[in-house]
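The block underneath contains the structure these notes are about, expressed in structure tokens.
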Amino acid sequence: MKKLKVAIIGTGGISNEHINGYLTNEAVELCAFCDINENQLKKMSEKYKMPWERCFLDKDEMLKAMPEIEAVSVCTWNSAHAECTIAALNAGK
């Protein structure tokens, strides 16, 4: 079965719920994390064993560097949801 490749934008508290949901879904592969807070990104990278080369501080850089991403979970502050969602949609996600 082909797995849906998903990235997380925003690795704060609510992202744990999204990540844990994806980890229990055999049809999904978590392939990247993105957050503007490097310390938080490192913490979540270690917690979920996401390789650092798949962690990004800029959503646009991540979307460009990883064309294999098929979908994203936007787990940012509410005020950043539109910007992140539009960037993902413009990248074909």
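The values are calculated or read from the model by the stated rules, or taken from the named source; none is laboratory data. Computed from a predicted structure; not experimentally measured. Positions of Cβ are generated from backbone atoms using ideal geometry, with glycine treated the same way; all protein chains shown enter the neighbour counts. Heavy atoms of the whole protein, side chains included, go into the accessibility calculation; ligands, DNA and RNA do not. Shrake-Rupley method; radii C 1.70, N 1.55, O 1.52, S 1.80 Å.
Taking amide hydrogens as placed 1.01 Å from N in the peptide plane, the amide H of residue 56 sits under 5 Å from those of 33, 34, 35, each at least 5 positions away in sequence or on another chain.
Under a 5 Å amide H cut-off, with hydrogens placed 1.01 Å from N, residue 5 pairs with 29, 70, 71 among residues at least 5 apart or on other chains. For the chain, the dipole from Cβ point charges (+1 on Lys and Arg, -1 on Asp and Glu) about the Cα centre works out to 200 debye, to the nearest 20. For the chain, relative contact order (Cα pairs under 8 Å, six or more residues apart, normalised by length) works out to 34 percent. Per residue, the chain exposes 60 Å² of accessible surface when a 1.4 Å probe is rolled over the protein heavy atoms with every protein chain present. Across the accessible surface of the chain, with the other protein chains kept in place and a 1.4 Å probe, carbon and sulfur atoms take up 52 percent. Built from the Cα atoms of the chain, the convex hull projects on average onto 5.5 nm², one quarter of its surface area. Spin-label model, residue 20/residue 42: points 7 Å from Cα along the beta carbon direction are separated by 2.6 nm.
The 3J(HN,Hα) values that the Karplus relation (6.51, -1.76, 1.60; θ = phi - 60°) gives for segment 71-77 are, in residue order, 8, 10, 9, 8, 10, 8, 4 Hz. Gly and Pro appear as x. Summing Lys, Arg as +1 and Asp, Glu as -1, what charge do residues with Cβ under 11 Å from the Cβ of residue 72 carry, residue 72 excluded? Neighbour charge sum, excluding residue 72 itself: +2. In the chain, if the dipole is taken from +1 on Lys/Arg beta carbons and -1 on Asp/Glu beta carbons about the Cα centre, which of 41, 22, 81 is farthest to the positive end? Value computed over the given set: 22. Computed from phi, the 3J(HN,Hα) profile of segment 85-93 under the Karplus parametrisation 6.51, -1.76, 1.60 (θ = phi - 60°) reads 5, 5, 4, 5, 4, 5, 8, x, 8 Hz, with x in place of Gly and Pro.
Can you give the helix-only mean residue ellipticity at 222 nm for the chain, where every DSSP H stretch with n ≥ 4 adds -39500 (n - 2.57) and the sum goes over all residues, rounded to the nearest 500 deg cm²/dmol? List each step's numbers first, then the result.
Values: 4 runs with 36 residues, N = 93.
The per-residue figure over the chain is -11000 deg cm²/dmol.
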